[in-house]
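First up is the structure itself, then whatever we jot down about it.
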Amino acid sequence: MNRAWWKEAVIYQIYPRSFMDSNGDGIGDLQGIISRLDYLEYLGIDVIWLSPVYKSPNDDNGYDISDYQDIMEEFGTMTDFDQLLNAAHKRGIRIVMDLVVNHTSDEHRWFVESRKSVDNPYRDYYIWREGPDAQTPPNNWGSCFGGSAWEFDSETGMYYLHLFSRKQPDLNWDNPEVRREVFDMMSWWCEKGIDGFRMDVISMISKTKEMPDGEVHGLYGDYGPYCVHGPNVHRYLQEMNEKVLAKYDIMTVGETAGVTTELAKQYAGENTHELNMVFQFEHVEGDGKYGKWTDEKLPLTTLKDTLSRWQTELYGTAWNSLFWNNHDQPRAVSRFGDDRPQYREASAKMLATCLHMLQGTPYIYQGEELGMTNYPFEGPQDFRDIESINAYKEWCVHGVLSHEVFWPCITFKSRDNARTPVQWDDSPQGGFTTGTPWIPVNPNYREINARAETADPGSVFHYYRKLIALRKQNPVIVYGKYELLFRESQELFVYTRTLGQEKLLVVCNFSPRETPFAVPDEFVGAPLLISNMENAYDRAVMDLKPYEAFVLKKNL
């Protein structure tokens, strides 16, 4: 297996709007990130993945870009960005940009031109179709954010496609001019010195020519068969690799909803010349009660089967991305662990152990290293996320569900859970801002914050530091082969990692109950690498405490 710096790195995702505010306007910004680089260096991470900072009207918090080569005014200036890039590089931290090129903002100059007339030179930059009339779209597809995926434009009497917000029209990647423009923009950023791209919904850039009605799920038809993993997606990514990516020492990770292990080998195979790795969402996108919305946790056996399949089927042929949460997912400790005060720290450390010992590149989402939790929403007025706002309207206000039925589901899965500000200290607003934050700070910031945790050697933060350091010292954690043990256990996630003459045993109790565990014979008496509890790990049989985790290491 080929070695690479991005395989050995630990990546930290920053959602700039909620990370750190430097000027008191309640919105995180680039200078705020600069002010916290020492904290990230102390944590030990190698790479920052920066969610979009480009110029945007913020219909979808920066994922609707109006200028790819300018900075959002609320975040600062290009001078601030250059300062961030230099300050990070001085600390040995790389910067990966979020690349959003399935769609633009409707305020991007390309779309402003495109909608002017059917023969405008930019018309074919986007996907336009005629419908029967102004009330009847070309087909029944629903957008990811609710409503139809088509918006009627009175200027030319046609519809444009938007798989997300109506202010996010999809680009037409079949047009070579669109690809040229995108590749030129990417090269511009690479020349500036950035270290890679996380590619937003990159598996959706190629659509079929035919656009029939989709199978109805919920209120609208499914566009998936016609817009995800489309006919030319691999050709376009190979072209991107040839024209841009292969010319620089950068890392690339593609967001590829609906990807299978076989498809992942195409997108991120060692020799397919597309991307370095992909994000798969099987372990976080299990079917909900109402679309994606649910308040139920995934059974551990299902979680293990999913993660194990990716570990085994990609080994030696493609590279895994490892994550529990991001800006689109609820907080890991609330979703996969236990955010009750008596269990929060232990379960946060257990989840970290489980993930960071897997094979692949781990991603930490801001605040995860503190064990931050979901937000206690009181009503729909607390939401800022367009997806949550639209879903509540669609299912409750105009739909078939009562508030009482839907509320536990939307508050459990809302993207706003991840977007509350990072809790830096116990001062007002958690030290995030001196003003009024754009979204409320979780009221538990007095108990959960970076100042308290960096001062406490037994904190979640310092546990993450240990895991990151161990990864740098033990190649078996990065490159070792994975094998699942105790597959049928509904409480324990146990696996081994093997590389050369070294072997790890990773044991994680996902249960709030004491759970008996028999150590495999070959590991009885093996030295302890890390644990989140005080226990005697030299015994053949032990009772694991709620959410206990430990790793043993032996030489073969």
(request) Go ahead and collect, in residue order, the members of segment 538-556 whose backbone nitrogen is under 14 Å from a label point 7 Å along the Cα-Cβ direction of LEU528. (result) 538-540, 542-545, 548-553
(message) For LYS292, give me every one of the lysines with a C-alpha distance below 18 angstrom, ignoring sequence neighbours fewer than eight places off in its own chain.
(response) LYS393, LYS413
(message) I need the calculated FRET efficiency for the pair LYS297 and SER117, taking r as the beta carbon distance and R₀ as 51 Å, to the nearest 0.05.
(response) 0.45
(request) Have a look at ILE194, ILE386, GLY399 and report the one farthest towards the positive end of the charge dipole of the chain, computed about the Cα centre with Cβ charges (Lys/Arg +1, Asp/Glu -1). (result) ILE194
(message) Which of rounded, prolate or oblate describes segment 209-261 when judged by the alpha-carbon gyration tensor and an a/c cut-off of 1.5?
(response) prolate
(message) Cut-off under 16 Å on the C-alpha distance; same-chain residues fewer than 8 positions from LYS297 excluded. Which aspartates and glutamates are left, in chain and number order?
(response) GLU282, GLU285, ASP287, ASP305, ASP338, ASP339, GLU491
(request) Count neighbours as other Cβ atoms within 10 Å of each site's Cβ, and list the GluC sites (Glu not before Pro) in segment 227-294 that are DSSP loop with at most 15 such neighbours. (result) GLU270, GLU285
(request) Round to a whole angstrom and tell me the spacing of the C-alpha centers of segment 409-480 and segment 530-556. (result) 25 Å
(message) Counting other C-beta atoms within 10 Å, and keeping those with at most 12, which DSSP coil GluC sites (Glu not before Pro) do you find in segment 351-408?
(response) GLU378
(request) Can you find, among PRO138, THR156, PRO440, the residue farthest towards the positive end of the dipole of the chain? Put +1 on the C-beta of Lys and Arg, -1 on that of Asp and Glu. (result) PRO440
(message) If I model a spin label as a point 7 Å beyond the Cα along the Cα-Cβ vector, how far apart are those points for LYS481 and SER154 in nm?
(response) 6.7 nm
(request) Once you've got the Cα coordinates, tell me which of LYS7/LYS289; LYS7/LYS90; LYS7/LYS207 are over 28 Å apart. (result) LYS7/LYS289; LYS7/LYS207
(message) How much length would be gained if the chain were fully extended between ARG180 and GLU488, taking 0.36 nm per residue of separation minus their Cα-Cα distance, in nm to one decimal?
(response) 105.8 nm
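With r as the distance between the Cβ atoms of ALA469 and THR312 and R0 = 22 Å, compute the FRET efficiency 1/(1 + (r/R0)^6) and round to 0.05.
0.20
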(message) How tilted is helix 460-473 with respect to the longest principal axis of the chain? Cα atoms for both, answer in degrees (0 to 90, nearest 10).
(response) 90 degrees
(message) For a quick check: sort MET277, MET350 by the number of other beta carbons within 10 angstrom, fewest at the front.
(response) MET277, MET350
(request) Just need the Rg to Rh number for the chain, please, alpha carbons only, Kirkwood Rh. (result) 0.96
(message) Give the residue list of GluC sites (Glu not before Pro) in segment 416-505 that are DSSP loop and have at most 16 other beta-carbon atoms within 10 angstrom.
(response) GLU447, GLU488
(request) Quick one: grab the alpha carbon gyration tensor of segment 276-384, order the square roots of its eigenvalues as a ≥ b ≥ c, and give me rounded if a/c is under 1.5, else prolate or oblate depending on whether a/b is larger than b/c. (result) prolate
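At a 10 angstrom cut-off on C-beta neighbours, averaged per residue, how do the peptides 327-335, 32-40 rank from highest to lowest?
327-335, 32-40
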(message) With angles folded into 0 to 90 degrees, how steeply does helix 300-314 sit against the dominant principal axis of the chain? Use alpha carbons for both and round to 10.
(response) 80 degrees
(request) When a/c is below 1.5 the answer is rounded, else prolate if a/b is larger than b/c, else oblate, so apply that to segment 189-318 with a ≥ b ≥ c taken from the square roots of the Cα gyration tensor eigenvalues. (result) oblate
(request) May I ask you to compute the full-extension gain from VAL405 to THR260, defined as 0.36 nm times their residue separation minus their alpha-carbon distance, rounded to one decimal in nm? (result) 48.9 nm
(message) At 7 Å along Cα-to-Cβ for each site, give me the label-to-label distance between GLN342 and ALA536 in nm.
(response) 2.5 nm
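Of the beta bridges DSSP finds with both residues in segment 189-318, what % are antiparallel, to the nearest 5?
So the antiparallel bridges amount to about 35 percent of the total.
No lab work stands behind these numbers, since they all come straight from the coordinates. For clarity, every value in this text was computed on a predicted model and none was experimentally measured. In this analysis, Cβ positions are derived from the backbone assuming ideal geometry, glycine residues included, and neighbour counts consider all displayed protein chains.
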